[in-house]
1. Any residue at all in region 288-302 that is outside any helix (DSSP H, G or I), out of contact with any helix residue (DSSP H, G or I) (no Cβ under 6 Å at 6 or more places or on another chain) and under 26 Å from Thr208 (Cα atoms)?
2. If you check Gly153, Gly116, Gly161, Gly123, which single one turns out to be over 21 Å from the mean Cα position of the chain (by Cα) and either in a helix (DSSP H, G or I) or surrounded by fewer than 24 Cβ atoms within 10 Å (Cβ to Cβ) (or both)?
3. So which residues in region 404-428 are within 18 Å of the chain's Cα centre (by Cα) and outside any helix (DSSP H, G or I)?
4. Could you check, for region 462-470, whether at least one of its residues is surrounded by fewer than 20 Cβ atoms within 10 Å (Cβ to Cβ), among the hydroxyl-bearing types (Ser, Thr, Tyr), part of a helix (DSSP H, G or I) and over 25 Å from the mean Cα position of the chain (by Cα)?
5. Name the residue that is farthest from the chain's Cα centre (by Cα), counting only residues in region 285-301 that are over 17 Å from Leu272 (Cα atoms) and in contact (Cβ under 8 Å) with a residue 12 or more places away in the chain.
6. Could you pull out the residue among Gly97, Gly75 that is surrounded by fewer than 24 Cβ atoms within 10 Å (Cβ to Cβ), in contact with a helix residue (DSSP H, G or I) (Cβ under 8 Å, 6 or more places away or on another chain) and either modelled with pLDDT of 90 or more or among the hydrophobic types (A, V, I, L, M, F, W, C) (or both)?
7. Restricting the first residue to region 404-419 and requiring it to be in contact (Cβ under 8 Å) with a residue 24 or more places away in the chain and closer than 23 Å to Asn129 by Cβ, which pairs with a second residue that is of a type in the set (D, E, K, R) and surrounded by 22 or more Cβ atoms within 10 Å (Cβ to Cβ) meet a Cβ separation below 7 Å and a spacing of at least six or different chains?
8. Would you confirm whether or not region 437-460 contains a residue that is surrounded by fewer than 20 Cβ atoms within 10 Å (Cβ to Cβ), over 26 Å from Asp240 (Cα atoms) and at pLDDT below 90?
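The values are calculated or read from the model by the stated rules, or taken from the named source; none is laboratory data. Quantities reported herein were computed from a predicted structural model and do not represent experimental measurements. For neighbour counting, all protein chains shown are included, and Cβ atoms are generated from backbone atoms with ideal geometry for every residue, glycine included.
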Amino acid sequence: MAGVREQPFQGPPSSHLSGLGPSLPSASYVPRTMPAVLGTGDLTSLFLLNVFWVTNVTPLAAGGSASFTYWLLGGLLFFVPCSLVVAQLAACFPHEGSIYAWTHYALGRGWAFFVGVCAWLPGVLSMVNAAAAFVSCLQALNAHWLIPSWQQGLAIVVILGVTAFLSTRRTRVVQLLCNAAVLGMLLATVLIGGAALFWLLQGHPPVTKLADAAGWRILTGPQGNLALLGSVVLALMGSDMPLALAGEVRQRKALLRHLTWGTILTLLGYLLFTWALLVVQGAGVAAQTVNPMSLLLATVTTVFGKAGGEVMAVCLLLYFLLIPVALNVCFARLVLVAAIDGRISVWFARLNVERVPVRALVTQVVIATVFAAILYLLVPQIGLFGDPASFTSEAYNVLGASLLLVWAISFLFPFVDVAVLALRHPRWFARWRVVPRPLLAFSIVAGSGLCLATIIITLCNSFIPTLLPNGTWWWLVGGMTVIWLVCCLIGSMLTTGQAAWEQMTELTTTTTSPNTQEEQF
């Protein structure tokens with residue numbers, strides 16, 4: 001009816017959690033204080049910005065036709081199962097915080113915060129990777145731009161500054177920008193798909209012979225292509241993060257519906273980009289290309305000329321400019337709920353006049369900026385480890401791979417959470433189950449198994465074999481992963497202690513001054 005405002009989705013009543021332990025304060029606090037402005041399209045945009053990174057396509061295309069085999073395996077045995085499991089968890093717990101909230105009810109308070117930190121740290125530092133992709137696109141436009149590491153570092157710092165400014169605006173405004181970026185990526189997808197189609201219609205044969213069945217085979221051994229499986233699974237992680245904003249949706253159906261659209265569009269997009277590169281450029285060119293953006297632009301420019309390439313570049317620049325913004329917004333919600341629930345300082349739970357957690361958002365950008373400054377400004381100046389450029393590449397890849405492993409470890413927990421809930425609380429779980437039991441069981445086994453396989457594959461296959469052979473790679477990356485996990489454990493202990501001290505101090509103040517009333521958040 002006209003003039004009647006739609007009531008925001010407040011989530012199921014707290015009674016539906018009876019028998020699972022104490023409910024999280026954030027589950028009821030967020031819907032009361034933060035506007036419900038997100039719909040299916042908004043969550044789908046966040047899904048794509050978190051998962052669909054076209055820079056992942058080039059190393060897969062270098063594997064030739066076999067890349068399609070691995071995309072299909074990764075999609076059917078990991079990505080789709082992951083979406084089904086996440087959909088089930090969202091139906092059970094439609095609350096802010098995603099993996100943190102799910103693990104709290106399944107495994108308890110301690111595990112929830114540790115897993116939340118393991119998911120949060122790689123996500124925040126992924127903002128640096130997205131900003132680096134933006135810089136790579138600029139370099140693809142002009143090979144003389146931003147050559148020294150310090151120039152790249154300064155450019156990344158500037159991009160992160162823009163990220164801080166944009167992400168602290170009103171949620172609806174930020175989401176409109178993210179939606180515009182996704183529409184730009186849709187245009188880029190049409191351009192590169194159209195380029196491959198026109199290439200074939202003009203009489204050119206595919207550079208890579210896709211009809212050769214031998215090229216689709218899985219090969220093991222020293223000259224095998226099994227490492228592509230790890231690359232595919234890592235490229236498909238992150239689908240749970242839009243649900244970190246589950247307390248800010250208008251309708252509950254958006255939580256499940258966006259997973260369907262996001263999964264379909266991501267898989268189709270990756271397959272289309274891979275097909276276009278193999279048709280127009282070929283696996284050999286992809287294997288020799290250092291900058292993945294230059295290969296994407298060259299594919300469109302080859303068919304549609306310079307103007308087409310420039311349109312493609314604008315679309316990619318807009319998309320990778322908004323990826324750090326989307327990441328910052330999603331992962332700040334993990335910080336927000338942890339602060340509301342008393343796991344870290346309540347300082348991070350403060351909202352500005354736009355009703356967004358500005359302190360969490362800015363803190364994340366500061367952490368990412370420090371990381372970028374160390375990697376691009378400080379490390380190249382260290383001359384103790386040979387050639388600075390090589391050492392920067394080695395440090396970047398080792399740190400990146402170890403963070404990906406930490407993220408992969410955290411990604412095991414949605415599968416564990418569902419299994420634990422189904423076994424410990426069968427009657428309760430049956431009441432809220434939205435995925436058929438056989439399909440859910442298959443998803444748990446296949447998804448967790450492929451996630452474990454990815455961890456092993458990433459440890460055993462160097463990203464840069466010419467600089468770091470496999471024998472050196474596995475212990476460097478494995479050791480760094482252990483260091484990150486220890487940091488997450490120590491960090492969770494220290495922040496929990498700080499939060500407990502604040503709560504004790506507040507309780508003491510309230511007891512000694514009963515007439516003093518102060519807003520909690």
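1. Yes, there is a match, as at least one residue in region 288-302 is outside any helix (DSSP H, G or I), out of contact with any helix residue (DSSP H, G or I) (no Cβ under 6 Å at 6 or more places or on another chain) and under 26 Å from Thr208 (Cα atoms).
2. Gly153
3. Leu412
4. No.
5. So the residue we want is Val285.
6. Gly75
7. From region 404-419, the pairs are Pro414/Asp240.
8. Within region 437-460, one or more residues are surrounded by fewer than 20 Cβ atoms within 10 Å (Cβ to Cβ), over 26 Å from Asp240 (Cα atoms) and at pLDDT below 90.
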